[in-house]
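The values are calculated or read from the model by the stated rules, or taken from the named source; none is laboratory data. Everything numeric in this text was worked out from a predicted model, so none of it was measured. So basically every Cβ, Gly included, is an ideal-geometry build from the backbone, and we count neighbours across all protein chains shown.
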Amino acid sequence: MEKNGRRGFMGKAFGAVAAVGAVGSLVAMKKSWDPLPSVKAAGFTTLDMTAYTAGELVTEKWRGKPIFVLKKTPEMVAKQNEDDKARDIIVNGEHFMVAIGLCTHLGCIPAYYPDEEGFICACHGGQFDFAGMVTKVPPPRGLDIPPFRIDGNKLVLGEIGPEYENMKENGVTL
């Protein structure tokens with residue numbers, strides 16, 4: 001009887017050690033799957049929209065991509081059609097074009113020409129207006145708008161707010 005008692009105890013002890021090892025392995029695997037804190041921090045970028053000058057393009061960075069931010073002048077806003085206005089991000093009554101600064105054709109970075117109020121991609125000659133819409137092909141669509149949320153005077157890139165959801169539902173961005 002004592003042999004069975006020891007055998008039972010050894011079986012339970014082995015089972016307990018195996019269970020602790022399995023839990024430890026699962027915890028280690030989960031930690032290796034989680035993004036690093038530096039990667040998590042790079043997921044969001046907060047832009048203070050009061051810092052931009054009307055008519056001047058500023059290139060920010062979000063997740064390693066260039067982000068074009070153009071505060072539109074009242075004259076630019078007056079020139080826009082309804083499709084262009086649908087792409088505007090409005091913060092405290094000011095109109096902004098905020099877009100990922102990569103051509104939707106092959107991913108080149110278009111150059112901004114303030115005199116022409118538009119962008120020209122050097123790779124294949126694609127052109128975009130100051131709203132980010134295609135004015136000359138080959139780009140298949142306008143410049144993509146990154147996910148955003150408006151928080152007072154700030155724009156938080158990487159978070160999805162109701163304004164972005166509305167743009168997505170209306171087919172303004174992907």
Check your understanding: What about residue 109, is it among the β-branched types (Val, Ile, Thr), in contact with an Asp or Glu (Cβ under 8 Å, 6 or more places away or on another chain), surrounded by 10 or more Cβ atoms within 10 Å (Cβ to Cβ) and closer than 24 Å to residue 168 by Cα?
Key -> no
Review point. Does any residue in segment 116-140 that is touching a residue at least 12 places away in the same chain (Cβ under 8 Å) come within less than 7 Å, Cβ to Cβ, of a residue that is in a loop (DSSP other than H, G, I, E, B) and of a type in the set (S, T, N, Q) six or more places away or on a different chain, and which pairs are these?
Key: 131/80; 139/104; 140/104
Study note, to complete from the structure: By residue number, the members of segment 93-147 that are touching a Ser or Thr at 6+ places or on another chain (Cβ under 8 Å) and among the polar types (S, T, N, Q) are 127
Check your understanding: Within segment 63-80, how many residues turn out to be among the charged types (D, E, K, R) and more than 25 Å from the chain's Cα centre (by Cα)?
Key -> 2
Review point. Any residue in segment 148-163 that is surrounded by fewer than 20 Cβ atoms within 10 Å (Cβ to Cβ), more than 24 Å from residue 45 (Cβ to Cβ), at pLDDT 95 or above and polar (S, T, N, Q)?
Key: no
